């Protein structure tokens, strides 16, 4: 009887760990996708409202337009480096129009492209060049960086960045996503207390979020693996 109990516990632990790993794989693209949506909706709207006064800024925004189309079509190489019909690429836009909001946005777009191309170190460098302090785009950059660090196997940096993103966002849209990802990484590292803390924050503070609906299961799994 005791032997069966130990076997069942071991199976539960393996299943929970597999679910945590699957969560990382499944949500890595989703997080990057969230970054794209947030940038386009929030930063894009702000830019369109404020850029018309400056000719250079207008030209920079126009230079971004084709890249945004490539990005939306998942054509990351062309979006990043340009094409043969006149579009320069996010990297050149960021360089040629430095100091403009469009160049700042180009850094973010470049990071997204690099991440999708599996060039995570380059993605992190691009994200680090983005300068923003709003409650959506800036945390989204940090969340994307956290995913890149996770993909590089730098799990401590990944959780640090994801927790920063969650704290900075402090909303039901982004914070629970990053907390759940951080929790999954903590589980993978065997840091069950930290995983439970991250999950519990979702349950207590972001209880209106989608992630809160099933977070109790993740809390119980982490507690089971801690035993």
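For the range 76-143, please list each of the helices (runs of 4 or more DSSP H) lying entirely inside it that holds at least 2 residues being more than 16 Å from residue 63 (Cα to Cα) and within 17 Å of the chain's Cα centre (by Cα).
Details: elements: 76-81, 90-96, 101-116, 120-129.
It comes to 101-116, 120-129.
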Exercise. Would you check which residues across the range 192-227 are in a loop (DSSP other than H, G, I, E, B) and either surrounded by fewer than 18 Cβ atoms within 10 Å (Cβ to Cβ) or modelled with pLDDT of 95 or more (or both) and list them?
Key: 206, 207, 208, 210, 214, 227
Quiz item: Considering only the range 97-134, how many residues are farther than 23 Å from residue 169 by Cα and surrounded by fewer than 16 Cβ atoms within 10 Å (Cβ to Cβ)?
Solution: 5
Quiz item: Looking at this structure, is residue 162 under 19 Å from residue 133 (Cα atoms) and surrounded by 24 or more Cβ atoms within 10 Å (Cβ to Cβ)?
Solution: yes
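Mind checking whether some residue in the range 167-188 is without any contact (Cβ under 8 Å) to a residue 12 or more places away in the chain and assigned to a loop (DSSP other than H, G, I, E, B)? Break it down stepwise before answering.
First pass over the range 167-188, keeping only residues without any contact (Cβ under 8 Å) to a residue 12 or more places away in the chain: 167.
When the remaining residues are screened for being assigned to a loop (DSSP other than H, G, I, E, B), the result is none.
Checked against the condition, which is being without any contact (Cβ under 8 Å) to a residue 12 or more places away in the chain and assigned to a loop (DSSP other than H, G, I, E, B), the range 167-188 yields no hits at all.
The values are calculated or read from the model by the stated rules, or taken from the named source; none is laboratory data. None of the values given here were measured: they were computed from a predicted structure. When we count neighbours, we look across all protein chains shown, and the Cβ atoms used for this are built from the backbone with ideal geometry, even at glycine.
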